[in-house]
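See structure below.
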Amino acid sequence: MTQPDDESTAASPEELREQVEQTRAELGETVQALTAKTDLKTRAQEKAAEVKGEATAKAGELKAKAADLTHHARDKVPAPVKDKADQAAQQARLKTAHAGQLWREKAPEPVRQKTVQGARMARDNRALLLTATGAATLVWLACRRRKR
């Protein structure tokens with residue numbers, strides 16, 4: 001340990017206390033800075049939030065670009081084609097409504113109740129249903145690939 005220079009030995013006890021307090025404060029700041037650098041969980045969360053923000057911004061840009069391209073493509077479609085598409089869409093809506101009406105009239109009550117119950121369960125468990133569908137598709141694809 002080195003000897004303090006003449007100025008520190010001449011310091012009053014109050015000056016020494018102030019120096020000690022200042023040194024403690026600096027040491028506390030240094031420890032906090034080092035802790036922040038080594039806190040991997042917080043740093044990972046900050047990075048994830050940053051990446052999520054960038055992805056959200058990029059998705060917004062892509063969505064706007066897709067909407068612009070869609071409008072541009074619609075502008076280039078000739079009026080007769082637009083009219084034909086509108087007529088086909090209207091026909092499809094009418095046929096769907098008619099099929100629904102026939103279903104309500106012809107299906108037995110227990111079948112309709114089970115159908116409503118199944119639709120409600122599918123709606124309530126959408127994530128599970130999508131996961132199961134995805135897994136079944138992957139299994140089907142794997143089996144199909146093995147047969148080749």
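From Gln90, Gln113, Gln117, Gln101, grab the single residue that is open to solvent by 90 Å² or more (accessible area, probe 1.4 Å) and more than 28 Å from the chain's Cα centre (by Cα).
Working: Gln90 fails: open to solvent by 90 Å² or more (accessible area, probe 1.4 Å); Gln117 fails: open to solvent by 90 Å² or more (accessible area, probe 1.4 Å); Gln101 fails: open to solvent by 90 Å² or more (accessible area, probe 1.4 Å).
When all the criteria are applied, what remains is Gln113.
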Practice item. Tell me, please, whether a residue that is out of contact with any strand residue (DSSP E or B) (no Cβ under 7 Å at 6 or more places or on another chain), surrounded by 10 or more Cβ atoms within 10 Å (Cβ to Cβ) and under 30 Å from Lys82 (Cα atoms) can be found in the stretch 37-55. Key: no
Check your understanding: Tell me, which helices (runs of 4 or more DSSP H) lie completely within the stretch 1-112 with 1 or more residues that are modelled with pLDDT of 85 or more?
Key -> 13-38, 40-76, 79-106
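The values are calculated or read from the model by the stated rules, or taken from the named source; none is laboratory data. No experiment lies behind these values; they were computed from the predicted model shown. Because the Cβ atoms are built from the backbone with ideal geometry, glycine has one as well, and the counts that use them run over all protein chains shown. Side chains are part of the model used for accessible areas, which takes the heavy atoms of the whole protein and leaves out ligands, DNA and RNA. Shrake-Rupley method; radii C 1.70, N 1.55, O 1.52, S 1.80 Å.
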